[in-house]
Each structure stands twice: as structure tokens, then as C-alpha cells.
1. Sorting check: for 360-366, 236-242, which peptide has the highest mean count of neighbouring beta carbons within 10 Å, and how do the rest follow?
2. Please enumerate, by chain and number, the lysines with C-alpha under 25 Å from the C-alpha of Lys308, excluding those fewer than 8 residues away in the same chain.
3. How large is ³J(HN,Hα) for each residue in region 358-367, as worked out from phi by the Karplus curve 6.51 cos²θ - 1.76 cosθ + 1.60 (θ = phi - 60°), to whole Hz, x for Gly and Pro?
4. Can you tell me the convex hull volume per residue for region 53-167, based on C-alpha atoms, in Å³ to the nearest whole number?
5. Between 0 and 90 degrees, rounded to the nearest ten: what's the tilt of helix 296-311 against the longest Cα principal axis of the chain?
6. Straight distance only, please: which aspartates and glutamates reach the Cα of Lys79 with their own Cα at less than 20 Å, same-chain residues fewer than 8 apart left out?
7. Any idea what % of Cα-Cα pairs in the chain are farther than 33 Å?
8. Quick one: which residues, 5+ away or cross-chain, put their amide H under 5 Å from the amide H of Lys45? H built at 1.01 Å from N.
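The values are calculated or read from the model by the stated rules, or taken from the named source; none is laboratory data. The shown structure was predicted, so the numbers you read here are calculated from the model rather than taken from an experiment. Note that each Cβ is placed from the backbone with ideal geometry, even for glycine, and that neighbours are counted across all protein chains shown. Each accessible area value is taken on the protein alone, full model and side chains, heavy atoms only, with ligands, DNA and RNA left out. Shrake-Rupley method; radii C 1.70, N 1.55, O 1.52, S 1.80 Å.
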Amino acid sequence: MKSILIKNILLDHKPQDVLIEGNRFTRIGENIDSPADLLIDGRDKALIPPFYNAHTHAAMSLLRGCAEDMPLTEWLQDKIWPLEAKMQAEDLYAGARLAILEMIKSGTVFFSDMYFNVPVTIRAVEEMGIRAAIGVTFLESNGSKYVERGLRFLENLPETSSRVQITITPHAVYTVSADLFKRLAAIARERSLIIHTHLAETRQEVQDCIAAHDMSPVRWLDHLGLLGPDTVAAHVIHADDYELDLLRDRGVWLVHNPCSNMKLGSGVFRSAEIIEKKLNIALGTDGCSSNNNLDMREEMKIAALLAKVHYGSEVLKVDEVFRWATLNGARAYGLDAGEIAQGKLADALIINLNDVRMLPCYDLLSNWVYSADSSCIDSVICDGKFLMQGGKVPGEELIKEAAKKAASRLATKNNQN
Ligand SMILES: [Zn+2]
């Protein structure tokens, strides 16, 4: 069992020592004197919980910047889906690795993914040491062959490390039928898997759902038996008061994706009402082609600014948005992580307090949410191991080269049509 002892690091407003043994924090306090495999000097540094990205599409990092200034429907149908149809396994692998590299460098240790080719994403996650909830995605417009393949995959799940969990990810109410939703809900409950879907993202989605089923998307999914504490719903912008109460009473986890919502012009998340009604809420970046990065720190700042410009400066305080991005993301996916405490899974960021963006430091969290950027992160620890140390991620150059090659293959294929 490997151990790490971090000495004299700022934690909870005072210098402390932190001992990690295996993949857990085992001792936190002053003057811990224990032999360890690795001794870290924590002076001029702070230890804080890392990010848990509750909704993304990792390999879409390869489509960064390929389609701008469009609403969701046209963006998906005219740009994204035709490009995705050309992506091969090696492209998805290169895209997933590029995404994970970016996530590690910006302080994220977990992501919840909704995309294609689960084995390729599992491979990238296992190799790079991050945590992930990897979704088996269902989108009926892709054809029954893909649906059958997904269902077969769920019947015989692969062995993975404890860092990986499989989820079921029906894409949305406009791409998945009632029968398939019900079938997936039954499988999820039988196998104790989380269901993760897009919900109530645009006005168009709401209008179309009412026209088709005489019910809004939230009411429709409740009618189909989808909503429960094991359901994660991304976006949830267009929900009325009754629907917010319903989502709270069912224990559903909402994921706020402010950058994507603003960029696609989807609408304003109801932060003030959601806080007041005490819904479960986490934060996510969504995919790289609607954000266009995977930086959860930036997402916190933009979530807070959006709430303030819409509701007033007292809404979505620093500690609250930080909790959405950290502890709540871990809780949404059942991880015993997201806070630095004895017995918890050893995930943490070491922040450089001498970075110009962290000075002066009247309030660490306020600097972290509003002032910092990724360059303030010295090191990233996940599951008791360094994923980045002193700003370096092993294999970074190879990952970037592979992503450039995959993107140029994709561009060539796209131009040939
Ligand atoms: Zn999404």
C-alpha cells in the first residue's frame, strides 16, 4: 500500500498535515509523524477538494470549435451528428484522452460521460487514473442495431477498477421512445445503475413533447417511471414550479451547465428557485463543442455570475457554487468523496498560494471561484495517486499529438463529402 504524507499545507484555514494511505485520507491534523513512501512539503500551498463534472461528452473534445453560433436543434442535426457519424474508435479514444488530459490539468478527478463506444472510454479512463461514470448511450435515430448493441452491453458488463462505474444514458425525450425509456428504467433499477439523461433543455423540446405526448418533458419522464434518486438530469432549464417540486420529491439530481446553456441560447437555469426549494444539484461542463472547454472552475464562476445577473448579487454564494462543483457531483454518483476528511477517498488539489491570481488571500474559496485559473493548480490527486504533480501530467505530448492527427483525419473525411 502506497502512502503520501503532505506536511504543513493550508486546510480549513490552518496549516495541517495530511496522510494518505492506499486510496483514502487516513489521518489529518498537526504534527503527524508517520513514515510514508512520499513526503510533500505543503508550505505556501492549500489543499482543497477537486471537481466532479456531473455531465459531459468527453470525446467531443475532438469537435471543439467546429460549429458555432447556432441553436441546439440545428447545431445537432446539421453539424454535430453528421461529424459524429464519421468518428471511428481510434478517434473516440484520442478525443477521450484529450478530454481527460484537459480535465486533470483543470482540477477535475471525475466525469460523468454520455457518448459512444463505452469500451474505448473505459480504456482511456483506466489508463489515465481518473474516475468516471461512463454511460451506455441510447439514441434511437442511430438505428435499432445500436440500441440492441447497447442492451447487449448492459447484459454483460465488463470488469473495471473501482474508479469506473457504468451508467445508462438515454439521450433525451426527443430521441428515445416511451418503450425504450421504460425498458432502460427497469434495467437500471434491477442492476442498481444510475440513469443520466438530458431533460427540458430547450423551449422547442417542451413544445414538441407536449405536442407528442400531451405532457412536458419532466411530467413525461415521471409518467414513464424514470424519475428517482438514481436519476441525473442535465440542463432542466424549462421546468415550472410544480415540476421543480416533483423533481425534488423524487430525489432527482439536476446538473447545471451554464456555459452550454448560454452558448446555445437555451435559456436561464432557475438557480434561485432551485436553491430555495432545496433540490439536489451538481455542476457540469457539457461537451467541448458547446462550451468550449472542460474547465469546472470557469463553470463555477459563470454559474454564479449568471445567477447574479438574473436574480441579484446575493444568489448562489461562493461556498454554495463550490459545493455544487465538488461534493454534490460526488454525491450524485454515489462516491464517498468530494471532501477532505478522514476516511474519505483521497481526491484533492494542491493549490499554489503564491500564484499572482491567488494574492492577497483574504478568502481562499473566493479567490478560487472568482479569480484563479488552472495555472494555480500545482498538483492533482485522485484515488490516492498523483495524476498531475508540479503541473506535469505523464504522457501529455503523446496525447496532444494523437488528438491533432485524429482531428485532421476527421476534417479530411468531412471535406470529402
Ligand atoms: Zn449534454
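1. Listed from highest to lowest mean packing, they are 236-242, 360-366.
2. Candidates past the 8-residue exclusion: Lys263, Lys277, Lys278, Lys317.
3. In residue order, the calculated couplings are 9, 10, x, 10, 6, 9, 4, 5, 5, 4 Hz.
4. For region 53-167, the hull spanned by Cα atoms encloses 108 Å³ per residue.
5. With both axes taken from Cα atoms, the answer is about 70 degrees.
6. Glu68, Asp69, Asp91, Glu140, Glu201, Glu205, Asp286
7. The proportion of pairs with Cα distances above 33 Å equals 31 percent.
8. Answer set, sorted by chain and number: Leu10, Leu353.
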